[in-house]
Amino acid sequence: MPVNPTPPPDAPERESLKPVDWSDFRDHIATADQQGRRKWMYPRQVNGRFFRWRTWFSWLLLAIMFGGPFVTIHGNPLLLVNIPERKFVVLGQIFWPQDMIIFAVTLLVLLTGVIVFTAAFGRLWCGWACPQTVMMEMVFRKIEYFIEGDAPEQRALDAAPWHGRKIIKKAFKHAVFYALSFLVGNVLLSYIIGWQALYQIIVDPPARHLVGLGFMIGFSLLFYGIFARFREQACTFICPYGRHQSTLIDENSIIVAYDYKRGEKRGPLRQRQTFGERRYAGFGDCVACNQCVVVCPTGIDIRNGVQMECVQCTACIDACDQIMDKVGSPRGLIRYASLNGIERGEPLRLTPRLIGYIAVLTALVTLLAVMIFTRTDVEATVLRAPGSLFQQMPDGHFSNLYTLRIVNKTSRELPVELRLEQPAGKLEIMGGQLVVAPEKQSENSVLVELDRAVMLSGNTPVVIGVYQAGKKLQTLKTSFIGPRN
Ligand code: SF4
Ligand code: SF4
């Protein structure tokens, strides 16, 4: 379908419809043609120091990602986000729905951290640590190069008619892609339900885990779709972080940037021409080889400046450095730099905006640290038993009945002792000793008896101590209802 169809003669004039300027890179995206069809990206294989560093870093990240579900701290997983059962574990610490405030502050810390980090370092996260980029560029893309070859061979294979060799290569590639997607989907599932539950789904008869199997297949198909077909479109269209980068970075942010002052005016390097002669002729260091464009997985030309599609993968830095080495010019025509750094040679500056972000981040991190360090392993509440008032006992004492709820946030059994601390009286846990099972909540009835002499008219304040092995865990306050004078 044409992008700007000629309107029928009687159609009302729509001022908002502005023709696309195809010569302006900001007026269209690099991965769509003039008919709005997807342009498939064939980035050339890249090599260089940044690629090597990213490869080593990606091995570390992949080891953490795939090994994470099997690592336990005090018997708890490293990370568990069990939304169906509302159970969350971070670094071995169990967080309950009662700890939601800590989660909310943690999210604020992450959000502010992302803003500060992006304002200072641009999309460093996208290029180096985002699971999408790591899996796509360091796993799936490498497999594709291995099976189908570099970009020209891939192009030729796609253009070729379906014959034996093409069918075998494509079938093999997609089978490997699906197997890997299945693995990634299972890893994600084990971060949600735990690897033990995932193992049960695998070994039990399928009919016993239809929902779990559904998620397993659903996640596998989702990741297969993303890594086999959707690819860079996820960063351009879906990822909210990518869409917001233009609001977060400024001219002092460190980004992958082309040094236009050094590079312009572009032009091919003539044989036996020196860079001195080039400069004299009005040319810069960019020899217009286009290598920075052909390696770009998002299909953009970094020489046009900051662009929404750029995931800061550094491929263009490596490609350009190799060209600079070949033509005998210093590396770094494309490099990590701020726009002010390129324009005026300024180093990274702490702008008032960055200082403000850092101040907010520091305050939030402090608040979070206080909340985590003052967080208890046990959370108890005491409420008067619904519908109950007071009772007078045969010995003349008065009694009130309470409901005690205790949440055991640890993964061990918790024997609990209650002491009536104020006023003097008697406290009895109905049903004997109170032991709360690991990661469970208990509900017990508690009877408090007071002598008339210690009671105030109507309501008497009561203080109950919750102890474990002689150590006080929490103090509970409630009131005791008695007759009015
Ligand atoms: S412009 Fe460079 S850093 Fe940005 S996505 Fe393309 S190759 Fe990666
Ligand atoms: S790789 Fe470097 S020299 Fe070649 S076109 Fe890109 S910026 Fe210019």
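The values are calculated or read from the model by the stated rules, or taken from the named source; none is laboratory data. What you are looking at is a predicted structure, and each value in this text was computed from that prediction instead of being measured. Positions of Cβ are backbone-derived with ideal geometry, glycine not excepted, and every protein chain shown enters the neighbour counts. Keep in mind that these areas ignore ligands, DNA and RNA; they rest on the heavy atoms of the full protein, side chains included. Shrake-Rupley method; radii C 1.70, N 1.55, O 1.52, S 1.80 Å.
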Legend entry - Pairs with Cβ under 6 Å, 6+ apart, first in segment 300-326 and within 13 Å of ligand 2 (Cβ to nearest atom) and open to solvent by 20 Å² or more (accessible area, probe 1.4 Å), second modelled with pLDDT of 95 or more and among the aromatic types (Phe, Trp, Tyr): 303/258
Legend entry - Spans of helices (runs of 4 or more DSSP H) in segment 239-323 with at least 1 residues more than 16 Å from ligand 1 (Cβ to nearest atom): 240-248, 260-263, 275-280
Inset, instruction - Report yes if residue 44 is part of a loop (DSSP other than H, G, I, E, B) and surrounded by 11 or more Cβ atoms within 10 Å (Cβ to Cβ), otherwise no. - result: yes
Legend entry - Meets criteria (more than 16 Å from ligand 2 (Cβ to nearest atom), surrounded by 16 or more Cβ atoms within 10 Å (Cβ to Cβ) and under 23 Å from residue 340 (Cα atoms)) for residue 242: yes
Inset, instruction - Tell me, yes or no, whether segment 283-290 has at least one residue that is within 16 Å of ligand 2 (Cβ to nearest atom), touching a residue at least 40 places away in the same chain (Cβ under 8 Å) and within 30 Å of residue 40 (Cβ to Cβ). - result: yes
Inset, instruction - Answer with yes or no whether residue 343 is more than 29 Å from the chain's Cα centre (by Cα), over 24 Å from residue 124 (Cα atoms) and away from ligand 1 (no atom under 16 Å from the Cβ). - result: no
Legend entry - Filtered residue count, segment 340-370, keeping only those that are open to solvent by 60 Å² or more (accessible area, probe 1.4 Å), more than 13 Å from residue 119 (Cβ to Cβ) and in contact (Cβ under 8 Å) with a residue 24 or more places away in the chain: 3
Legend entry - Qualifying positions in segment 58-98 - more than 14 Å from residue 191 (Cβ to Cβ) and over 20 Å from the mean Cα position of the chain (by Cα): 73, 74, 75, 96, 97, 98
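Yes/no matrix, rows are residues, columns are (1) at pLDDT 85 or above; (2) open to solvent by less than 40 Å² (accessible area, probe 1.4 Å); (3) in a helix (DSSP H, G or I):
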residue	(1), (2), (3)
64	yes, no, yes
69	yes, yes, yes
88	no, yes, no
100	no, no, yes
106	yes, no, yes
113	no, yes, yes
118	yes, yes, yes
127	yes, yes, yes
Legend entry - Among residues of segment 309-349, those that are closer than 20 Å to residue 45 by Cα and not aliphatic (A, V, I, L, M), counted: 15
Inset, instruction - Please verify whether segment 376-386 includes one or more residues that are closer than 25 Å to residue 297 by Cβ, open to solvent by less than 60 Å² (accessible area, probe 1.4 Å) and either among the hydroxyl-bearing types (Ser, Thr, Tyr) or within 16 Å of ligand 2 (Cβ to nearest atom) (or both). - result: no
